[in-house]
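In what follows, a single structure is set out as structure tokens and then discussed.
The values are calculated or read from the model by the stated rules, or taken from the named source; none is laboratory data. These figures come from a predicted structure and were not determined experimentally. Glycine also receives a Cβ, built like all others from the backbone with ideal geometry; neighbour counts cover every protein chain displayed. Accessible surface areas use protein heavy atoms only, side chains included; no ligands, DNA or RNA. Shrake-Rupley method; radii C 1.70, N 1.55, O 1.52, S 1.80 Å.
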Amino acid sequence: MYDRSLKYFRSVLLLFLAVVLVQCSKKNNTEPEGGKIENNEYKVSRSSVIAISAYAAGTEDATYSWSITNAPSENYSIADANAKEALFAAAEIGTYELAVLINDKGNVQTQKVKVYVSKEAKEYKTFIDKVYEFKPAPGQFINDLPAANDGETTDRILSRANTYLAKKSGDLISLGAFGGYVVFGFDHTILNVKGKRDFRVLGNAFWAEANPNPDATMRGGSSEAGVIMVSYDKNKNGLPDDEWYEIEGAGHKMEKTIPNYEITYYRPDPNKKPVPGGGTGTVLFTDIEYILWKDNQGKSGYLAQNNAYNHSLDYWPKWMKDQASITFKGTRLPDNAVDESGTGSYFVQYAFLYGYADNAPNNDDDSAIDIDWAIDKNGNKVKLPGINFVKVYNGLNQQAGWLGETSTEIMGATDLHLSGENIPTRK
């Protein structure tokens, strides 16, 4: 009887500990919310979103208007400013004073609220905390950035992508051709500060040093635009399972942009006979009909295989070798690669004005993103208090001669407010 009871107690204890560990694991990407001290006072750690409300409510017909009356810093966010309950967060410590104007059928009153923002217990990272998903499209560097070996699993490659990106000075990973993507998150909320850009996705874009076209009016070089999506951890479970919103960059508004684009790539037969196709200089096309693709616009083509850069000649992700095809969806941006030499030797990929990853150099203001550029699936602007997760996917489906397919590369991301960068938004 004693042994049976002891075994039962141990089983219950182990089950309890397992539940606690799971909950702790789920919460590893959420910050403490703080709470209410008095009817008109709250406390919270920096870069943490807290709900504040009017302490004397009006009727159902009452309207509310929240504003900041005194703040030690401009780096704060206030969302749902016309609701009874607003969402507030600040990137710097101090006392923030807010007021809510309540109009209840002509009876107007103002209530004041104070929020005491303190330093977090464990200092936040300005960079990526965790990579949640990595699914590249086929491409030249897919089995090189990060390195992939025969027989490795999806989980093993995801873990390797995490070691590449989740650090202050990241290493490049390639997203391959159109649609290939990565999802990552931060250990805090990156705030949506009014009038400022909020974060930057780091890539390897650079400007052309000797564009053969002296009349070029746009900046360009190696600009391989990745479309950016963002998500706010509304349910506070520390997972990227809330609604996603797309950052509307300048390319989204161009005539040749295709929303809801869909493409399917087909794994090449390893016994397929290559179709050589010449080349440029020392770069040879070893198979111009290497990987077949078809899209939902009634078009098809091939990812051509070349011998440039000493990259792997296997463009299909090795950990997906059992998949006969891979399908991706998203916004397809207009082709931006131009052969400015006229001979195929010098391609310039012209940058979109703003709003993308790997589109402008990391030290350029237009590589920085304003969360206020986010739109929902219907193209409507949304007002988020901040974001916790980012998805980047390649928005271009084009071949640029000897350069091969255009492929977005990224090497990290940065919270501009916590890193001390002050970049005004574009109007």
> Where residues in the range 88-119 are touching a Leu at 6+ places or on another chain (Cβ under 9 Å) and among the aliphatic types (A, V, I, L, M), which of them is nearest to residue 60 (Cα to Cα)?
Replying inline: 108
>> With the requirement that a residue be acidic (Asp, Glu) and open to solvent by less than 40 Å² (accessible area, probe 1.4 Å), what does the range 373-427 give you?
In response: 376, 405, 409, 415
> In the range 409-423, what residues are more than 17 Å from the chain's Cα centre (by Cα) and in contact (Cβ under 8 Å) with a residue 12 or more places away in the chain?
Replying inline: 418, 419, 421, 422, 423
>> Looking only at the range 52-79, how many residues end up being crowded, with 16+ Cβ neighbours inside 10 Å and either under 24 Å from the mean Cα position of the chain (by Cα) or within 16 Å of residue 114 (Cα to Cα) (or both)?
In response: 11
> Residue check, residue 233 against (1) surrounded by 13 or more Cβ atoms within 10 Å (Cβ to Cβ); (2) among the acidic types (Asp, Glu); (3) more than 16 Å from the chain's Cα centre (by Cα), all met but one. Which one?
Replying inline: (3)
> From the set of residues in the range 177-218 that are in contact with a strand residue (DSSP E or B) (Cβ under 6 Å, 6 or more places away or on another chain) and modelled with pLDDT under 95, which is farthest from residue 415 (Cα to Cα)?
Replying inline: 211
>> Going by what's in this entry, would residue 245 be described as under 25 Å from residue 203 (Cβ atoms), in contact with a strand residue (DSSP E or B) (Cβ under 9 Å, 6 or more places away or on another chain), of a type in the set (Ser, Thr, Tyr) and open to solvent by 30 Å² or more (accessible area, probe 1.4 Å)?
In response: yes
> Do you know which of the residues in the range 95-107 that are out of contact with any Ser or Thr (no Cβ under 6 Å at 6 or more places or on another chain) and within 28 Å of residue 45 (Cβ to Cβ) is most open to solvent (accessible area, probe 1.4 Å)?
Replying inline: 95
> Which fully enclosed strands (runs of 3 or more DSSP E) of the range 74-152 have 3 or more residues being charged (D, E, K, R)?
Replying inline: 130-135
>> I'm checking my understanding of the structure. Among residues of the range 263-316 that are in a strand (DSSP E or B) and of a type in the set (Phe, Trp, Tyr), which one is nearest to residue 343 (Cα to Cα)?
In response: 285
> Looking at residue 110, is it open to solvent by 50 Å² or more (accessible area, probe 1.4 Å), among the β-branched types (Val, Ile, Thr) and more than 30 Å from residue 290 (Cβ to Cβ)?
Replying inline: yes
>> Take residue 92 and tell me if it is more than 24 Å from the chain's Cα centre (by Cα) and open to solvent by 40 Å² or more (accessible area, probe 1.4 Å).
In response: no
> Quick check, is residue 260 closer than 19 Å to residue 335 by Cβ and in a strand (DSSP E or B)?
Replying inline: yes
> If you take the residues of the range 353-372 that are among the hydrophobic types (A, V, I, L, M, F, W, C) and either within 27 Å of residue 240 (Cα to Cα) or in contact with a strand residue (DSSP E or B) (Cβ under 8 Å, 6 or more places away or on another chain) (or both), which of them is surrounded by the most Cβ atoms within 10 Å (Cβ to Cβ)?
Replying inline: 357
